[in-house]
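Laboratory data are not the source of any read-out in this text; all were calculated from the coordinates shown. Everything numeric in this text was worked out from a predicted model, so none of it was measured. For neighbour counting, all protein chains shown are included, and Cβ atoms are generated from backbone atoms with ideal geometry for every residue, glycine included.
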Amino acid sequence: MTLKRAVLSFAAVWVAAVTGLHLWLNPGLRSASGPGGARAAFRVGFLPVTCHLTCPVTDFIQRALTGAGPFEPIRFNGWPELKEAFLAGTMPATFLLAPLAISLREQGVALKIVYLGHRDGTAMMVHRDSGIFRIEDLRGKRIAVPNRFSNQHLLLYRAFRARGMSVRDVELVEMAPPDMPASLYARAVDAVTSGEPFMGQTELDGYGRVLYLTKDVWPDFISCVLAVHEGAIRDQRPAVQELVDGIARSGLWLEGGLPHRMQAARFVAEQYYHQHPRLLSFVLSKPPDRVKYSNLRLVRRDFEEIEALGREAGILAGTAHFDDYADPSFVPDEAGSAPWAFEAEPS
């Protein structure tokens, strides 16, 4: 076999394997065909994290109430493949890290942020047996962050500046959040910070200790946003509006009491995240305001702070501003939303 044929054969096998994995992770892709095999056109990318929880919650509730969902949630395992799928145009909408969405707009990507994923929902964890009890104790330590475009990275700038510190006082390591619990357990790093549920896993398994929750150092912290291609806003505005309305109603439903959070932990973990519900149940309840799903409309001053921190951290050029990358018109007044009238069947 020639080298060219070998490469082509390997590529074909790789594409088939990746396609098969996405079909397994996203069973809706196998059942969303219409006449002639046409698939649902409006897809939304998400990761199995609490920042994106309202995406599968909306899909599950709407299917339970009406027998069909207005969009197709597409699950990814990491930021790189989710971002590339969005840039390739295979999905008109996706959840993204807030600084990453702004950076993409600076690079000329025609997107608009239309809603938030949640508020807070991030922690910094240290080893239970470490001598780290204050942020000041992190000097000289090794800290894992998801990547340089994560708000957890910017949060360090903010928290350190308030204490007369600098990120130069620590060693930052970029690490995929699913790898962080094992690294903290092995003491390969001194601290880890990312979105949930990965931080909660270290606490639930007994070796992690909370150094801070974001609500303690950056109230109303924004991690992820819902970004939509401008072409979809232009050509499919009713679909985008229905998506935003559904996610808003899901957020209010999640804030309707601990029973709703526990119901969501069960059906989302089992049917969308492919995880044991134990972990989601923990991070959605310990404490209940660890992750908040209310007040998710776009506020200019929140993003202007992200812009300023992003410039300070060297990840944003400062060439895109709120009116360039944000479209708050889909949620002019969140008070007009109402939670879903829904109770999940007991398992």
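What the table below lists for this structure:
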item	result
Computed FRET value (nearest 0.05) for residue 87 with residue 241, which takes r as the C-beta separation and R₀ as 25 Å	0.60
Cys with no candidate disulfide partner in the chain (beta-carbon separation under 4.7 Å rule)	55
Modelled FRET efficiency - R0 30 Å, residue 345 with residue 295, Cβ distances, 0.05 increments	0.50
Region 122-217: C-alpha pair distances exceeding 21 Å, %	19
Phi-based couplings in Hz for region 211-217 (Karplus 6.51, -1.76, 1.60; Gly and Pro marked x)	8, 7, 9, 4, 4, 8, 10
Expected 222 nm ellipticity per residue - DSSP helices of 4 or more, -39500 (n - 2.57), all of the chain, to 500	-12000 deg cm²/dmol
The chain: Cα Rg divided by the 2.2 N^0.38 Å rule of thumb	1.00
Expected-Rg normalisation [2.2 N^0.38 Å, Cα atoms] applied to region 46-95	1.19
Degrees, to the nearest 10: 54-66 long Cα axis against longest axis of the chain	30
Cα long-axis angle, helix 258-268 against the chain (0 to 90 degrees, to the nearest 10)	60
Fully extended contour minus Cα-Cα distance, from residue 312 to residue 276, at 0.36 nm per residue	9.0 nm
Listed residues 281, 296, 320: farthest to the positive end of the dipole of region 273-332 (Cβ charges)	281
Neighbourhood net charge (14 Å Cβ-Cβ; Lys/Arg +1, Asp/Glu -1) for residue 270	+1
Among 112, 83, 141: highest mean-square fluctuation, GNM of the chain, C-alpha pairs under 10 Å	141
FRET efficiency estimate (nearest 0.05) - Cβ-Cβ, residue 305 to residue 110, R0 25 angstrom	0.55
Sequence-separation-based contact order of region 122-217, relative, with Cα cut under 8 Å and 6+ spacing, percent	47
Full-extension gain in nm, residue 329 to residue 68, via 0.36 nm per residue minus C-alpha separation	91.3 nm
The chain - share of DSSP beta bridges that are antiparallel (%, nearest 5)	65
